[in-house]
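Report on the structure given below.
The values are calculated or read from the model by the stated rules, or taken from the named source; none is laboratory data. Since this is a predicted model, take the numbers as computed values, not measurements. Don't worry about glycine lacking a Cβ; one is built from the backbone with ideal geometry, like all the others, and counts go over all protein chains shown.
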Amino acid sequence: MNTLKLSIIHAEDTFIVIDKPSGLLAVPGRGPEMQDCVVSRLKQDFTGLPDQPAVHRLDMDTSGLMVVARTPAAHRELSRQFEHRSVNKEYIALLDGLLPDNRGTAGKISLKFRLDPDNRPHQIYDPIQGKTGITHWQKLGNEKNCTRICFQPITGRTHQLRLHAAHELGLGLPIVGDRLYGHGTAPGQLLLHASSLSFIHPENGQTVNFTSALRF
């Protein structure tokens, strides 16, 4: 089993919020060597979880906050919130390079992209057949030869933030440690962290907010 530690941030009868380390899968992959993940670990510690308790996912190399449902009703309600884009998420990233001054300090990225079937799981820009991914971003500062960025994704496409960072029609700089779109060489190097998560409690209707300290 992967020795990376999974931290429980909050647990109650309807959902669990965890802090995922970079390098751990969110859900099981294909093959026996890809079964260690957030979901399989939680099923060992919490009885009665739905067969598919995850209502959203983080990439294997992305760290940070993730919510998992404990009941079918909570799964339906939380999934509905993600589908209707009412969940607020913030990610912090370090980009591999300095963002040019003419890019400004904040903006919105909207790009259509899709899976490249000849190079799975790589996503490619496709203005015709792609699905639109939308991200708001804000520059937080420069650190040596890197740029610290806050991302607020509106949609939740696969590899959305990684592609929006790296593509020339986005910010034009890959995230540090990105094995697919940048110069990363191994799991656990990606400097992309889900730092804030806010949603409506599936039972009492109150807004709940969770934060996770940065690792970089």
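General remarks:
- Remark: pairs (first residue in region 180-195, over 16 Å from His164 (Cβ atoms) and touching a residue at least 12 places away in the same chain (Cβ under 8 Å); second residue surrounded by fewer than 19 Cβ atoms within 10 Å (Cβ to Cβ) and among the polar types (S, T, N, Q); Cβ separation under 7 Å; 6+ apart in sequence or on different chains) = Ser195/Thr211.
- Cross-chain or 6+ apart pairs with Cβ under 9 Å, region 3-18 first and more than 17 Å from Ser40 (Cβ to Cβ) and surrounded by fewer than 13 Cβ atoms within 10 Å (Cβ to Cβ), then of a type in the set (S, T, N, Q) and modelled with pLDDT of 95 or more: Asp13/Thr71
- Looking only at region 155-194, and only at residues there that are polar (S, T, N, Q) and surrounded by fewer than 21 Cβ atoms within 10 Å (Cβ to Cβ), the one that is nearest to Ala74 (Cα to Cα): Thr155
- Which listed residue is of a type outside the set (Val, Ile, Thr) and within 17 Å of Leu78 (Cα to Cα), from Pro32, Pro21, Pro50: Pro50
- When the residues of region 19-46 are filtered to those that are in a loop (DSSP other than H, G, I, E, B) and in contact with a helix residue (DSSP H, G or I) (Cβ under 7 Å, 6 or more places away or on another chain), the one that is surrounded by the fewest Cβ atoms within 10 Å (Cβ to Cβ) is Pro28.
- Residues located in region 102-158, provided they are modelled with pLDDT under 95, over 16 Å from Leu169 (Cα atoms) and of a type in the set (Lys, Arg): Arg120, Lys144, Arg157
- Residues of region 167-216 satisfying the condition of being within 15 Å of the chain's Cα centre (by Cα), closer than 26 Å to Gly107 by Cβ and outside any loop (DSSP other than H, G, I, E, B): Ile175, Leu192, His193, Ala194, Ser195, Ser196, Leu197, Ser198, Thr211
- For Gly107, the conditions (1) within 19 Å of the chain's Cα centre (by Cα); (2) over 30 Å from Leu4 (Cβ atoms) all hold with the exception of (1).
- The combined condition, being modelled with pLDDT of 95 or more, over 22 Å from Tyr181 (Cα atoms) and among the hydrophobic types (A, V, I, L, M, F, W, C), is fulfilled by Leu65.
- Residue ID - surrounded by the fewest Cβ atoms within 10 Å (Cβ to Cβ), chosen from residues in region 47-64 that are within 19 Å of Ile200 (Cα to Cα) and among the aliphatic types (A, V, I, L, M): Ala54
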